[in-house]
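**Student:** This is the structure I have questions about; it appears just below.
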Amino acid sequence: MAKKYMYFFGAGTAEGNKEMKDLLGGKGANLAEMAGIGLPVPPGFTISTEVCTLFAKSGGKIPPAVEKEIMTNLRKLERASGQEFGDEANPLLVSVRSGAKFSMPGMMDTILNLGLNERTLEGLARKSGNRRFALDCYRRLIHMFSDVVMGVPKKKFEEILKSWKEKMGFQFDHEIPALVMEKIIADYKKLIKKETGQDFPQDVMIQLRQAISAVFESWNNPRAVTYRREYHIPDDLGTAVSVQMMVFGNVGENSATGVGFTRDPATGKKEIYGEYLFNAQGEDVVAGIRTPSPLRKLETEMPGVFKQLKETTTRLEKHYGDVQDFEFTIQEGKLYMLQTRNGKRTGPAAIKIAVDLVEEGLIRKEEALLKVEPQALDQLLHPIFDPEEKKKHILLAKGLAASPGAASGQMVFTANDAVAWKKEGKDVILVRDETSPDDIHGMSAAQGILTGTGGMTSHAAVVSRQMGKPAIVGCCDILLSEEKKTLTADGRTLREGDWISIDGATGEVLADRIKTRPSEILQVINGEKKAADSKMYQYFTKFLSWADKVRRLRVRANSDTPPDARVAYAFGAEGIGLARTEHMFFGKDRLPIIKEMILSEKEEDRRRILSRLLPFQRQDFYEFFKEMHGHPVTIRTIDPPLHEFLPKREDLMVELTELRAKKSKDKKKIEELEKLLERVRALSEFNPMLGHRGCRLGISYPEIIEMQTEAIFEAACQVAKEGNKVFPEIMVPLVGSAAELANQKVIIKRVAEEVLAKHKVKLAYTIGTMIEIPRAAITADEIAEEAEFFSFGTNDLTQTTYGISRDDGVKFINYYLLKGIWKDDPFSTIDIPGVGELMRMAVEKGRKTRPNLKVGICGVHGGEPRSVVFCHQLGLNYVSCSAYQIPIARLAAAQIVIQEKQGKKTDGD
Ligand code: PEP
Ligand code: MG
């Protein structure tokens, strides 16, 4: 049997159905489904996505076999509609619409009213008894066809229309009478001739063939390609094309066209929601020329049709088990459904709808869990911009969306200014080329952070996420002068104190202040609002409690301070997967001590100074343990190179030069600075990321590890003595060989046992390692002899596997993505074939040595849904991520379990 490329629908039957999105695209599959269940759908046929691929392969030609099938289906459509394509007396008009498996709104092309020419136009005018209507259809066809197929810019048609309206004093298109319409059409035709040297095609079969070809071609237009990159849609899926009998919302005042949702997509409220326009066609509703009326109004204007629309869409919602986003046309009082699909919705609406649908008995809990994009949960936690307000502001630049949330503030360019301005009660956005640990206090004071450089794992990005602060990093579109305190973007220069707004969910930097809405969930977590008073909080916790029952992966938090840990616990953290101890050194009271320690050259001096740091660390660890209520707490020994704790060499040189130039008498100060500069020089490295850091520091300066271990176990003993459970896990960073870990383990074990003996406390603890350089993964069997657990540091593992600096990569990775060389940034989502393969090897080898080896991940990927799925598939025990990503990871971990049960991945909408 010949291969089938086309699927007919209409008159109560359909060859396709809603499960056939791969072949028919979302639109085609749902048209078939609606026709199949007997809804009023104009008949038509869908040309499958396979033809899109064939079309591209045959150099942009419709293959003969397909052409033949088009003709067969066209004849069938003529019979179903009782009209004939190209017939002068009774012309059939069709729409040609694109529709891929995943919806790509507005990215590809559509043409309406095909089949009109000078002769059929007259036929339509006679048949409808409405010449103005027929001319309106013809005008629209010429406009759309010439833009999509013949490449005449649509703006030029709009200009002609506008100038006629102005000349004749009409405000709206539907006021234009037939006589003027004819003049407009004549001008359109002249324009086409002038622009292309050709006439608008009068042969209706040429119109149809060219329209189908243009829709297939639109799969590869730059807009569509960019959209696919952004939403991870494969390029080889192709679009389907639906050819469907036209129905007309522009026949007169008892006709209309509209769009709607079965529930409010912004809030999830259960009420039909949408807009329509009388005497209009397709794109008019969204084009914004006339203000459409809310659907509620249809209830009074056309009560019978409204009732039918409500019944139809309620039936569709039940049938699909989800909120529907639909399009309809009313032709002379008769309702037609033109599209339905699962409606896109905001995060808060998604949760409410999912829970409501379960409680209304429409779907099961597991189905509800699949209905919410994990990433959408973010919107429930961060303040967001009022979408209407956002539209009113100028977009200045776009950077990497590093930490979601919306923030408006006055620009400041130094961390100290951020703190000072904040003290005066001002909201600030901290703008820096990049941030360093020295900026923590400023980041903490700011509403949001914007940096000109750095990637998704840069300091600014990691710390902002940890803090739950909106951040945009690597914003190459802006030019910063930290010295002059100016930011230049989009041709304008803004100064310190000017207001900007950043949307950390999209990477958009906007001018001025934009109103935000606070997250209710956070208010409850912070104790500012009672759970009983927040419906949203109740929905959120109920929904996630369903996820917790399903998932296998545990979810922990990356937390550096006890307050972080408290928030993480409230979000459902089942322990801490990474406490970066060095971040605890940055407090005002601690930094001078660590600086002094680094500057001292003798071990005994260092030990003395470290003993002053110990009480701070002990107190932090004590609070961590308490906040985690007996869940495991993984504390990592010192990791970054020591010079990160010291001032920058250039700054010291400037300060010294200035003092000398002023002939300062402060000899002591000059000597101090000289000594500091000498030490900074001695510690400086060409490539600090690959230098003296991680366990290499612990090997050179064992006294630091001793102090940290002592602090950990002193704190643990105190918690245990108070009768509470405690479970420390000590983690050694940047290990590449078993011997390195063995060295550190001896120190940690010795000190731990000494402290436990001193306090006469018995408690379980483990010592493990990060797996973050390839050699560690490759020799994981040997390392597992020493390590009681592994945790993948995928930030460093990605950096070292690719040989790309995690901070400098941002400068070129974007080119890779734009050119399609890479589909994803490996610093955002795990590179499965490369980094992922090393992880697989490490898990296998590690568990060969130690079958019950606990394995987790604490790189930034630990909270990214696709990476969470991969971690589940690798058989990890847990993922660890920033507090705000915990709900996302909980949901992603549950979804993969359900999908595995179903034996397939779900298809989007
Ligand atoms: C990592 O490398 O993935 C990691 C968690 O450690 P850090 O980002 O602190 O280097
Ligand atoms: Mg690391």
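**Student:** So, by mean Cβ neighbours within 10 angstrom, what's the order for 692-704, 558-570 with the highest one leading? Display every interim value, and only then the final one.
**Tutor:** Values: 692-704: 19.9, 558-570: 22.7.
Answer by packing, highest mean first, reads 558-570, 692-704.
**Student:** Report the local net charge at Pro563: Lys and Arg +1, Asp and Glu -1, summed over other residues whose C-beta lies under 13 Å from its C-beta. Show your work: numbers first, answer last.
**Tutor:** On the way: positive: Arg566, Lys626; negative: Asp560, Asp564, Asp620, Glu623, Glu627.
Overall, the nearby charge balance is -3.
**Student:** Please list 17-26, 402-411, 415-424 highest first by mean number of surrounding beta-carbon atoms within 10 Å per residue. Can you show the working numbers first?
**Tutor:** Working: 17-26: 21.9, 402-411: 25.7, 415-424: 17.3.
By packing density, highest mean first, the sequence is 402-411, 17-26, 415-424.
**Student:** Under 15 Å from the 7 Å Cα→Cβ point of Lys344, by amide nitrogen: which residues of the stretch 214-251?
**Tutor:** Under 15 Å, as judged by backbone N against the label point of Lys344, lie 223-233 of the stretch 214-251.
**Student:** For the pair Lys648/Ser534, report the inter-label distance in nm, with labels modelled 7 Å from Cα in the Cβ direction.
**Tutor:** 3.9 nm
**Student:** Roughly how big is the stretch 202-351's charge dipole about its Cα centre, with Cβ charges of +1 (Lys, Arg) and -1 (Asp, Glu), in debye to the nearest 20?
**Tutor:** Values: 18 positive and 19 negative charges, 95 e Å.
That gives the stretch 202-351 a dipole magnitude of about 460 debye.
**Student:** Arrange the peptides 213-225, 45-57 so that the one whose residues have, on average, the most other Cβ atoms within 10 Å appears first. Can you show the working numbers first?
**Tutor:** On the way: 213-225: 18.7, 45-57: 22.4.
Highest-to-lowest ranking by the protection proxy: 45-57, 213-225.
**Student:** Over the stretch 106-258, what relative contact order in percent results from Cα pairs under 8 Å that are six or more residues apart?
**Tutor:** The value is 29 percent.
**Student:** Same structure, new question: If you take the charge dipole of the stretch 529-641 about its Cα centre, with +1 on Lys and Arg Cβ and -1 on Asp and Glu Cβ, which of Phe625, Thr541, Val567 is farthest toward its positive end?
**Tutor:** Sorting the options by dipole projection puts first Thr541.
**Student:** What percent do you get for the relative contact order of the chain when only Cα pairs under 8 Å and 6+ apart count?
**Tutor:** Details: 1855 pairs, mean separation 82.9, N = 909.
About 9 percent, as a whole number.
**Student:** Let me ask something else. Too long at a 24 Å Cα-Cα cut-off: which of Lys162/Lys194; Lys269/Lys334; Lys269/Lys549; Lys27/Lys901; Lys344/Lys365? Mind showing how you got there, number by number?
**Tutor:** Numbers: Lys162/Lys194 19 Å; Lys269/Lys334 28 Å; Lys269/Lys549 27 Å; Lys27/Lys901 28 Å; Lys344/Lys365 20 Å.
Checking Cα-Cα distances, Lys269/Lys334; Lys269/Lys549; Lys27/Lys901 exceed 24 Å.
**Student:** If the only charges are +1 at each Lys and Arg Cβ and -1 at each Asp and Glu Cβ, what is the size of the charge dipole of the stretch 413-484 around the Cα centre, to the nearest 20 debye? Please list the in-between numbers first.
**Tutor:** Working: 7 positive and 10 negative charges, 60 e Å.
Result for the stretch 413-484 is approximately 280 debye, rounded to the nearest 20.
**Student:** Given Cα pairs under 8 Å that are at least 6 residues apart, what percent is the relative contact order of the stretch 680-819? Write out the running numbers ahead of the final one.
**Tutor:** Details: 163 pairs, mean separation 32.0, N = 140.
That works out to 23 percent.
**Student:** In the neighborhood of Ile771, defined by Cβ-to-Cβ distances under 11 Å, what is the net charge if each Lys or Arg adds +1 and each Asp or Glu adds -1?
**Tutor:** Working: positive: Arg775, Lys845; negative: Glu772, Asp796.
Summing Lys/Arg as +1 and Asp/Glu as -1 gives 0.
**Student:** In debye, nearest 20, what is the charge dipole magnitude of the chain about its Cα centre with +1 on Lys and Arg Cβ and -1 on Asp and Glu Cβ, if you could check? Walk me through the intermediate numbers first.
**Tutor:** On the way: 130 positive and 126 negative charges, 151 e Å.
That gives a dipole near 720 debye.
**Student:** Here's another thing I want to ask about it. Looking at the chain only, what percent of DSSP beta bridges run antiparallel? Nearest 5 please.
**Tutor:** About 65 percent, rounded to the nearest 5.
**Student:** What would the Debye equation give as log₁₀ I(q)/I(0) for the chain at q = 0.05, 0.06, 0.09 Å⁻¹, counting only Cα atoms as equal point scatterers?
**Tutor:** Debye curve over Cα of the chain, log10 I(q)/I(0) at q = 0.05, 0.06, 0.09 Å⁻¹: -0.37, -0.51, -1.00.
**Student:** Among Gly736, Ala752, Phe385, whose Cα projects farthest towards the positive end of the dipole of the chain, with charges put on the beta-carbon of Lys, Arg (+1) and Asp, Glu (-1)?
**Tutor:** Phe385
**Student:** Return the FRET efficiency for the residue pair Arg126, Lys307: r is the Cβ-Cβ distance, R0 is 41 Å, and the value is rounded to the nearest 0.05. Intermediate results must be reported in sequence, preceding the final value.
**Tutor:** Details: r = 34 Å, r/R0 = 0.82.
That gives a FRET efficiency of 0.75.
**Student:** Considering the zone a paramagnetic label at Glu195 would reach in this model (a point 7 Å from Cα along the Cα-to-Cβ line), which residues of the stretch 146-164 have amide N under 13 Å from it?
**Tutor:** Under 13 Å, as judged by backbone N against the label point of Glu195, lie 146-161 of the stretch 146-164.
Laboratory data are not the source of any read-out in this text; all were calculated from the coordinates shown. Since this is a predicted model, take the numbers as computed values, not measurements. As a convention, Cβ positions derive from the backbone with ideal geometry for all residues, glycine included, and neighbour counts pool all protein chains shown.
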